[in-house]
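**Q** There's a structure below that I have some questions on.
The values are calculated or read from the model by the stated rules, or taken from the named source; none is laboratory data. All values derive from a computational prediction rather than experimental measurement. Here the Cβ is made from the backbone with ideal geometry for all residues, glycine too, and neighbour counts use every protein chain on show.
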Amino acid sequence: MSDPSPVVHAPTRIGLVGATGLIGQRLIAISSAGDEVRMVGIARREAPLPKGARVEVFVAEPAKWGEVLEAVRPRALICALGTTWKKAGRDEAAFRAVDHDLVIATAKAAVAAGIPNMVLITAAGSDPTAKNLYLRVKGEVEQAVSKVGFKRLDILRPGLLRGERKDDLRPLEALAQFASPVIDPLMPAKWEMFRSIDADLVAEAALGLCQRKAQGRFTHDNEAMKRAAREWRAKALHAAE
């Protein structure tokens with residue numbers, strides 16, 4: 001006689017570096033609302049978590065992150081690391097230490113730990129030849145991580161992120177968010193990549209892409225992320241039924 005009990009699948013473990021930022025916080029909140037995935041955060045310091053968060057957080061120096069990844073063996077790693085020019089003391093070396101060096105070192109540690117997939121969040125307009133330092137560094141990182149050896153690498157290039165940042169006052173960004181409903185439709189086609197996108201959509205897209213099995217390197221703009229987010233929502237809804 002067969003057992004009529006439903007098969008219960010364990011949640012997929014997803015590693016996360018950059019848990020304290022806007023995308024990281026939304027990833028934790030969204031994943032905590034269901035049973036599809038469980039986030040495993042790795043950070044340099046303790047930080048407040050969203051209300052009701054269900055997440056494992058390991059606090060360690062970056063040099064030890066590889067050991068943590070080796071121990072927890074997540075299915076994929078989401079990298080939402082990044083600082084700002086102001087937080088880096090307006091020093092290029094300090095900015096690169098986080099947005100370039102730490103990202104690449106973490107990617108290499110993940111591959112060494114046997115993690116097959118990575119979702120790397122950069123920015124619209126990322127280009128290693130860009131005159132803008134921020135976009136140039138993001139482009140350089142994309143190039144470097146592409147050569148690290150992941151079976152699948154998804155690069156997300158969001159435009160202006162919409163969402164509430166905790167304890168991170170960015171007046172100019174807040175003003176741009178406020179004006180985005182008016183500005184976005186007026187942007188010419190060649191600038192549409194920079195249109196705003198809700199941070200929740202980026203987070204949902206990242207979660208969905210972590211579970212894809214096709215191998216290769218894939219780059220996603222705002223529209224591609226919105227499609228991936230819709231797929232994630234549909235899957236999460238089906239799983240909850």
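**Q** Of all residues in segment 219-234, count the ones that are touching a helix residue (DSSP H, G or I) at 6+ places or on another chain (Cβ under 6 Å), within 14 Å of residue 199 (Cα to Cα) and not charged (D, E, K, R).
**A** 3
**Q** So, residue 93, is that one out of contact with any strand residue (DSSP E or B) (no Cβ under 7 Å at 6 or more places or on another chain), within 21 Å of residue 121 (Cβ to Cβ) and either in a loop (DSSP other than H, G, I, E, B) or without any contact (Cβ under 8 Å) to a residue 12 or more places away in the chain (or both) or not?
**A** On the way: out of contact with any strand residue (DSSP E or B) (no Cβ under 7 Å at 6 or more places or on another chain): yes; within 21 Å of residue 121 (Cβ to Cβ): no; either in a loop (DSSP other than H, G, I, E, B) or without any contact (Cβ under 8 Å) to a residue 12 or more places away in the chain (or both): yes.
The answer is no for residue 93.
**Q** Now, a different point. Just for segment 134-157: of the residues that are within 14 Å of the chain's Cα centre (by Cα) and either surrounded by fewer than 19 Cβ atoms within 10 Å (Cβ to Cβ) or among the acidic types (Asp, Glu) (or both), which one is farthest from residue 199 (Cα to Cα)?
**A** 142
**Q** Would you confirm, using the coordinates I've provided, whether residue 160 is of a type in the set (A, V, I, L, M), in contact (Cβ under 8 Å) with a residue 40 or more places away in the chain, surrounded by fewer than 22 Cβ atoms within 10 Å (Cβ to Cβ) and more than 26 Å from residue 214 (Cα to Cα)?
**A** No.
Every residue, every condition in (1) within 13 Å of the chain's Cα centre (by Cα); (2) at positive phi, yes or no:
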| site | (1), (2) |
| --- | --- |
| 22 | yes, no |
| 63 | no, no |
| 73 | no, yes |
| 91 | no, no |
| 95 | no, no |
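**Q** Taking segment 44-61 as the region of interest, how many residues are of a type in the set (Lys, Arg) and farther than 12 Å from residue 17 by Cα?
**A** Here is the first cut: in segment 44-61, the residues of a type in the set (Lys, Arg) are 44-45, 51, 54.
Now narrow it down to the ones that are farther than 12 Å from residue 17 by Cα: 51, 54.
Number of matching residues: 2.
So that you can scan it fast, the table gives a plain yes or no per residue for (1) under 22 Å from residue 107 (Cβ atoms); (2) over 18 Å from the mean Cα position of the chain (by Cα):
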site: 33; (1), (2): no, no
site: 39; (1), (2): yes, no
site: 46; (1), (2): no, yes
site: 53; (1), (2): no, no
site: 56; (1), (2): yes, no
site: 60; (1), (2): yes, yes
site: 69; (1), (2): yes, no
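**Q** Let me ask another. Could you say whether any residue in segment 66-73 is in contact with a helix residue (DSSP H, G or I) (Cβ under 7 Å, 6 or more places away or on another chain), assigned to a helix (DSSP H, G or I) and surrounded by 15 or more Cβ atoms within 10 Å (Cβ to Cβ)?
**A** yes
**Q** Any idea how many residues of segment 27-65 are modelled with pLDDT of 95 or more and assigned to a loop (DSSP other than H, G, I, E, B)?
**A** Total satisfying the criteria: 2.
**Q** If you don't mind, there's one more thing I want to ask. Suppose we filter segment 106-123 for residues that are in contact with a helix residue (DSSP H, G or I) (Cβ under 9 Å, 6 or more places away or on another chain) and either without any contact (Cβ under 8 Å) to a residue 40 or more places away in the chain or over 21 Å from residue 210 (Cβ atoms) (or both); how many remain?
**A** Final tally of qualifying residues: 2.
**Q** Considering only residues that are in contact with a Pro (Cβ under 9 Å, 6 or more places away or on another chain), assigned to a helix (DSSP H, G or I) and farther than 20 Å from residue 225 by Cα, which ones fall in segment 110-140?
**A** Hits for segment 110-140 are 110, 136, 137, 140.
**Q** Would you mind telling me which numbered condition in (1) over 15 Å from the mean Cα position of the chain (by Cα); (2) touching a residue at least 12 places away in the same chain (Cβ under 8 Å) residue 78 fails?
**A** Only one criterion in (1) over 15 Å from the mean Cα position of the chain (by Cα); (2) touching a residue at least 12 places away in the same chain (Cβ under 8 Å) is unmet by residue 78, namely (1).
**Q** When only residues in segment 188-241 that are free of Cβ contacts under 8 Å to residues at least 60 places away in the same chain and either in a strand (DSSP E or B) or β-branched (Val, Ile, Thr) (or both) count, which is surrounded by the fewest Cβ atoms within 10 Å (Cβ to Cβ)? Walk me through how you get there before you give the answer.
**A** We begin by selecting, within segment 188-241, every residue free of Cβ contacts under 8 Å to residues at least 60 places away in the same chain; these are 188-192, 195-198, 201, 205, 208, 223-224, 226-234, 237-238, 241.
Remaining after also requiring either in a strand (DSSP E or B) or β-branched (Val, Ile, Thr) (or both): 197-198.
Details: 197: 25, 198: 17.
Filtering segment 188-241 for residues that are free of Cβ contacts under 8 Å to residues at least 60 places away in the same chain and either in a strand (DSSP E or B) or β-branched (Val, Ile, Thr) (or both), the one surrounded by the fewest Cβ atoms within 10 Å (Cβ to Cβ) comes out as 198.
**Q** Turning to a different aspect of this structure: Which one of these does residue 131 not meet: (1) surrounded by fewer than 18 Cβ atoms within 10 Å (Cβ to Cβ); (2) touching a helix residue (DSSP H, G or I) at 6+ places or on another chain (Cβ under 9 Å); (3) at pLDDT 95 or above?
**A** (2)
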